[in-house]
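A quick write-up on the structure given underneath.
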Amino acid sequence: MKTTSYRKLGLLSALYFVQGLPYGFQTTALPVYLRTQGVSLMVISSIGLLAAPWMGKALWAPLVDRYGSERIGRRKSWILPMQAGMAAACAAAAFVPVQGALPVLLGLVFVMNLFAATQDIAVDGFAVDLLEPRELGWGNSAQVVGYKVGMLTGGGLLVWMSDAIGWRGLFLTMAGLSLLVLGVAALAREPRHVAEGPGGEGARLSWDEVKERLLSLWHQPGTGWMLLFIGTYKLGETMVDVLFKPFLVDMGFTAAQIGQWVGTWGTVASLLGSAAGGLLASRMPLLGALALASCLRVFPLGGEWWLALHGPTASGVIAVTVAEHFFGGVLTTVLFAFMMSRVDRRIGATHYTLLASVEVLGKSPGGPLAGLLATGAGWSYADVFLFGMVLSVAFVLLLFPLRRTEPSPQPASPPV
């Protein structure tokens with residue numbers, strides 16, 4: 001890989017890393033922090049609402065795509081202030097006491113997510129502009145791995161260090177990391193052929209032109225099949241994931257064992273899978289890589305069904321956990337590369353954000369559906385796991401109509 005490619009991947013990894021910090025803190029560290037301060041379980045169980053900006057970012061993605069300074073850079077005009085805002089919010093949170101000021105603290109976490117989600121729109125557009133077709137696999141590997149490492153840092157590493165640095169030190173460290181990446185982003189150069197050039201890829205579109213392009217994309221052959229696959233490819237896997245940890249608890253495994261197997265080894269396997277997905281997507285046609293990853297993902301889901309049917313053993317749980325996280329990481333990276341390959345570069349941030357929103361919203365019902373089947377319909381763990389596996393197999397079939405509408409390969413962009 002050329003030096004310029006390594007620089008691109010390093011920059012994208014750093015930007016996605018910082019975006020993962022607030023979400024990792026919210027999902028892992030914040031519940032621990034609040035509980036140590038005596039906050040009620042009802043409040044703690046509701047903090048998922050703080051991630052609402054990630055669900056709704058498609059609503060303001062056209063603004064991020066449309067406006068920006070040509071002097072600073074079309075994408076950097078958003079990345080730099082969002083990065084600075086996130087650093088400021090983290091620093092402010094360090095000096096907010098929980099007792100008597102809980103709404104202020106939660107509001108700052110919401111603001112962190114708002115800055116991170118808005119930056120994500122701009123960074124996704126930046127990645128679309130920056131990456132050549134041959135770099136999509138590795139670029140999306142940098143995206144997924146960077147974000148996951150950010151979540152691990154904000155939700156795991158810094159919490160582990162909190163005994164030494166304190167909770168104030170945790171927030172200040174997040175602010176410092178944000179400022180460090182801000183400096184890196186400020187020195188980065190946007191591709192000239194994207195940020196400039198009347199009539200070129202970077203030329204500004206009117207609102208009517210944006211609307212026309214989105215409507216034309218909707219009417220392209222295969223768009224419906226693509227959206228259906230993106231929205232459902234992880235539905236079955238999500239159903240299994242949500243119930244697998246409660247299943248292990250009911251089978252008598254300890255919290256420490258589950259945390260080690262799923263939380264630690266599973267996460268490491270997921271990171272390795274994300275890196276392997278970049279390699280796979282760079283060596284195979286994207287639809288072929290997507291089909292292979294989708295099929296391989298089914299096997300560990302079948303292993304979880306087998307454990308529920310015949311009884312789990314420690315070695316069996318470890319094996320299927322590592323395999324499921326690894327192949328899930330492969331599939332996620334390949335899918336994101338596939339999504340980016342289908343993006344209209346003139347509205348790159350808006351188009352990619354819309355596809356990413358479909359991906360998030362599509363898998364969201366998996367958890368409630370699994371819970372409803374297990375509690376309301378009386379299904380056993382094995383029944384739900386089998387249903388999730390069958391859904392995952394069924395959705396692989398959606399790749400066949402997509403293959404018939406696959407666009408012809410486009411020539412690579414000139415190197416930056």
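The values are calculated or read from the model by the stated rules, or taken from the named source; none is laboratory data. All values derive from a computational prediction rather than experimental measurement. Neighbour counts run over all protein chains shown; Cβ positions are idealised from the backbone, glycine included. With ligands, DNA and RNA removed, areas are computed over all heavy atoms of the protein, side chains included. Shrake-Rupley method; radii C 1.70, N 1.55, O 1.52, S 1.80 Å.
Quick notes
- Over the chain: Kirkwood hydrodynamic radius from C-alpha pairwise inverse distances, Å: 22.3
- Calculated FRET efficiency, Phe95 to Leu309, Cβ-Cβ distance, R0 = 41 Å: about 0.15 to the nearest 0.05.
- Ranking Gly266, Gly10, Ser282 by Cα position along the charge dipole of the chain, where only Lys, Arg, Asp and Glu carry charges on their C-beta atoms, puts Gly10 farthest toward the positive end.
- Percent accessible area from carbon and sulfur atoms, the chain, protein chains only, probe 1.4 Å: 69
- Seen through its C-alpha gyration tensor, with square-root eigenvalues sorted a ≥ b ≥ c, region 137-187 comes out oblate because a/c lies at 1.5 or above while a/b is not bigger than b/c.
- Shape class of region 312-413 from the alpha-carbon gyration tensor: prolate, with a/c at 1.5 or above and a/b greater than b/c.
- When the helices of the chain are scored as -39500 (n - 2.57) per DSSP H run of n ≥ 4 and the total is divided over every residue, the value at 222 nm lands at -23000 deg cm²/dmol.
- Residue among Ala374, Ala323, Ala349 farthest towards the positive dipole end of the chain, charges placed on Cβ: Ala349
- Listed residue pairs exceeding 23 Å between alpha carbons, taken from Lys57/Lys234; Lys8/Lys363; Lys8/Lys76: Lys8/Lys363
- What the chain shows is 43 Å² of accessible area per residue, with the surface traced by a 1.4 Å probe over protein heavy atoms.
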